[in-house]
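Have a look at the structure below before the remarks.
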Amino acid sequence: MTVFNPRRDFDAEHRVSRRVVIIGGGFGGLACAMELGNAPDIDVTVVDRRNHNLFQPLLYQVATAALSPADIAEPIRKTLARFKNINMIMAEVVGIDPSSRMVSLSDGDSLSYDQLVIATGSDYNYFGHDEWREFAPGLKSIHEARQIRHRLLLAFERAERAKSEAEKQALLTSIVIGGGPTGVEMAGAISELGRFMISRDFRNLQPDNLKVILVEAGPRILAAFPEHLFA
Ligand SMILES: Cc1cc2nc3c(=O)[nH]c(=O)nc-3n(C[C@H](O)[C@H](O)[C@H](O)COP(=O)(O)OP(=O)(O)OC[C@H]3O[C@@H](n4cnc5c(N)ncnc54)[C@H](O)[C@@H]3O)c2cc1C
């Protein structure tokens, strides 16, 4: 297998100026851009619909109020500022025409390229049930993390004033679907947030009222980790 090396592979054919467009300023796009940083004869344009790179592994901490959004986001321009041959554009890519080597943007503009890198990440899979998205947002952006945080904190507030034990119990029950690393971290963080806040800040709630249910279709949670770690 040949491992792709941006600096070598983009530069190999001709020593003429090459325009490289990278769609996506996430982990993959930034790693590629930095490899090409200050390379002679290569002009790089990073296009992202957001102006910041997000450290997604800590999104669940924002969703559970342990971190604020600014702690896990950095402007892409700042990350790439030291590379004089890299330009950043905040825009959404809506089309690619390989025959004319053009990328079209949602605002009607277009960019030409010699080499194109598509590093647009992935999206949540609702397994054919996209209608679930409204009730159970994914956790891929600050907006979604804030949505989850808002729902959790609002549920505690409503539970404090619940008219019955059943209503209180319902408001303090969270269901996390998916026992992979994110689901397990999320379930643990909700539990920690709830227990910590409930005992400190709420008069009518007890830590034991809080219930977190983790749902996994497979035979065990954290299936990607070796089984002996659970012993
Ligand atoms: C909650 C959570 C926890 C995680 N925890 C871990 C962990 O502990 N360890 C680990 O190794 N990995 C973890 N990951 C996975 C890791 O974050 C991803 O593998 C990584 O971010 C993928 O990088 P990427 O560059 O492919 O995509 P992303 O980082 O998602 O970047 C894609 C970029 O493309 C942009 N984009 C998409 N479409 C367009 C478009 N049409 N026009 C313009 N821009 C566009 C987006 O705005 C985004 O900035 C976690 C992920 C999540 C969601």
Seminar exercise, completed: In the range 176-220, residues that are of a type outside the set (D, E), surrounded by 13 or more Cβ atoms within 10 Å (Cβ to Cβ) and under 25 Å from the mean Cα position of the chain (by Cα) total 19
Exercise. Among the candidates K78, K84, which residue alone is exposed (fewer than 13 other Cβ atoms within 10 Å of the Cβ) and touching a residue at least 40 places away in the same chain (Cβ under 8 Å)?
Worked result: K84
Seminar exercise, completed: Expected output for the range 205-222 (first residue on the phi < 0 side of the Ramachandran plot, partner open to solvent by 50 Å² or more (accessible area, probe 1.4 Å) and of a type outside the set (G, A, S), Cβ below 6 Å, 6+ apart or cross-chain) is P207/R195; I213/I175; V215/I177
Exercise. Would you call D123 more than 14 Å from the ligand (Cβ to nearest atom) and either modelled with pLDDT under 95 or open to solvent by 40 Å² or more (accessible area, probe 1.4 Å) (or both)?
Worked result: no
Exercise. For the range 99-120, does any single residue satisfy the condition of being under 29 Å from D71 (Cα atoms), of a type outside the set (S, T, N, Q) and without any contact (Cβ under 8 Å) to a residue 60 or more places away in the chain?
Worked result: no
Problem set entry | Subset of the range 158-191 [in a helix (DSSP H, G or I) and within 16 Å of the ligand (Cβ to nearest atom)] | P181, T182, G183, V184, E185, M186, A187, G188, A189, I190
Exercise. With (1) exposed (fewer than 10 other Cβ atoms within 10 Å of the Cβ); (2) part of a helix (DSSP H, G or I) as the list, and A155 as the residue in question, which single condition is left unmet?
Worked result: (1)
Problem set entry | In the range 90-114, residue nearest to G29 (Cα to Cα) [restricted to those that are acidic (D, E) and open to solvent by less than 70 Å² (accessible area, probe 1.4 Å)] | D114
Problem set entry | Answer residue from the range 138-147, given it is open to solvent by less than 30 Å² (accessible area, probe 1.4 Å) and under 21 Å from L214 (Cβ atoms) and is nearest to the ligand (Cβ to nearest atom) among those | L139
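The values are calculated or read from the model by the stated rules, or taken from the named source; none is laboratory data. As the structure is a prediction and not an experimental result, all values here were calculated from the model. When we count neighbours, we look across all protein chains shown, and the Cβ atoms used for this are built from the backbone with ideal geometry, even at glycine. Accessible surface areas use protein heavy atoms only, side chains included; no ligands, DNA or RNA. Shrake-Rupley method; radii C 1.70, N 1.55, O 1.52, S 1.80 Å.
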